[in-house]
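The values are calculated or read from the model by the stated rules, or taken from the named source; none is laboratory data. As the structure is a prediction and not an experimental result, all values here were calculated from the model. Using ideal geometry, Cβ is built from the backbone for each residue, glycine included, and neighbour counts are taken over all protein chains shown.
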Ligand code: BTN
């Protein structure tokens with residue numbers, strides 16, 4: 001797989017010497033953290049065929065079976081303040097959409113904030129993690145983790161995911177090359193200019209299926225309904241309640257569902 005991915009990347013691709021491949025690991029984000037602490041440079045890529053402890057947002061698991069998905073993490077060292085990276089998950093979502101579209105010919109939608117959706121099913125998720133330096137509070141490293149369901153068939157998901165999860169192959173109804181998806185997504189991540197907040201969020205809004213929908217905002221056991229109005233330049237969701245009041249909610253505090261189900 002590693003050689004196939006390298007063969008699909010341009011010969012002068014800036015990150016090509018920093019690709020680490022694991023047939024199985026606990027979590028590429030966890031391994032990326034270890035490498036980052038040991039000093040791994042900007043653009044270090046970790047890719048696994050299988051994860052035993054794939055991690056999702058809000059402490060959830062990410063189902064990561066062998067031979068079917070793509071589990072990838074990239075170490076970034078942008079050298080900026082954490083407040084300048086509030087939109088990192090959105091940027092990674094746009095890069096992943098671009099890469100998937102280029103590999104399989106169909107563009108996923110984005111369910112705010114980090115789920116990529118095709119045919120009303122989640123096909124990919126993104127988990128970004130940051131570490132700051134104690135000295136001046138700048139970002140020491142950021143890890144962008146992306147999990148993509150590539151080749152699964154409908155019966156391949158565990159019962160609890162069977163009504164939510166889908167794969168690229170299920171959506172495009174033809175075989176999907178994981179190596180090609182990996183190469184295209186990695187290239188888009190390398191091309192992303194994280195300082196261009198406004199452009200990134202403009203592109204994010206175009207793919208965001210949550211906008212203009214009635215949604216349920218879930219904070220622990222508390223569920224409230226609202227209309228999703230906008231995504232601001234930090235990647236936060238602007239919502240309006242039935243009484244007309246507005247609130248800007250961040251991805252760390254709420255989970256969003258459609259009024260009648262996952263979407
Ligand atoms: C989510 O759906 O909440 C985010 C899922 C992110 C999964 C990816 S797979 C590669 C990387 N390693 C992990 O443990 N998680 C991310």
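So which residues in the stretch 55-68 are within 8 Å of the ligand (Cβ to nearest atom) and either outside any loop (DSSP other than H, G, I, E, B) or buried (at least 20 other Cβ atoms within 10 Å of the Cβ) (or both)? Listed by number, the residues that qualify are 55, 57, 58, 62, 64. Taken over the stretch 94-120, residues that are over 14 Å from residue 256 (Cβ atoms) and buried (at least 20 other Cβ atoms within 10 Å of the Cβ) amount to 12.
Being free of Cβ contacts under 8 Å to residues at least 40 places away in the same chain, within 21 Å of the chain's Cα centre (by Cα) and in a helix (DSSP H, G or I) is a property that residue 30 has. If you go through the stretch 158-188 and keep only what is touching a residue at least 12 places away in the same chain (Cβ under 8 Å), more than 18 Å from residue 101 (Cα to Cα) and away from the ligand (no atom under 15 Å from the Cβ), you end up with just 163. Is there a residue in the stretch 147-157 that is within 30 Å of residue 39 (Cβ to Cβ), surrounded by 17 or more Cβ atoms within 10 Å (Cβ to Cβ), within 15 Å of the ligand (Cβ to nearest atom) and within 12 Å of the chain's Cα centre (by Cα)? Within the stretch 147-157 (the criterion being within 30 Å of residue 39 (Cβ to Cβ), surrounded by 17 or more Cβ atoms within 10 Å (Cβ to Cβ), within 15 Å of the ligand (Cβ to nearest atom) and within 12 Å of the chain's Cα centre (by Cα)), the answer is yes, since at least one residue qualifies.
Scanning the stretch 38-54 for residues that are within 25 Å of residue 177 (Cα to Cα) and either more than 9 Å from the ligand (Cβ to nearest atom) or touching a strand residue (DSSP E or B) at 6+ places or on another chain (Cβ under 7 Å) (or both) yields a total of 11. If you scan the stretch 62-80, which residues turn out to be under 21 Å from residue 170 (Cβ atoms) and touching a strand residue (DSSP E or B) at 6+ places or on another chain (Cβ under 8 Å)? Passing the criteria: 62, 63, 64, 68, 69, 70, 71, 72. Taking the criterion of being at pLDDT 95 or above and touching a helix residue (DSSP H, G or I) at 6+ places or on another chain (Cβ under 9 Å), the residues of the stretch 49-62 that qualify are 49, 51, 53, 54, 55.
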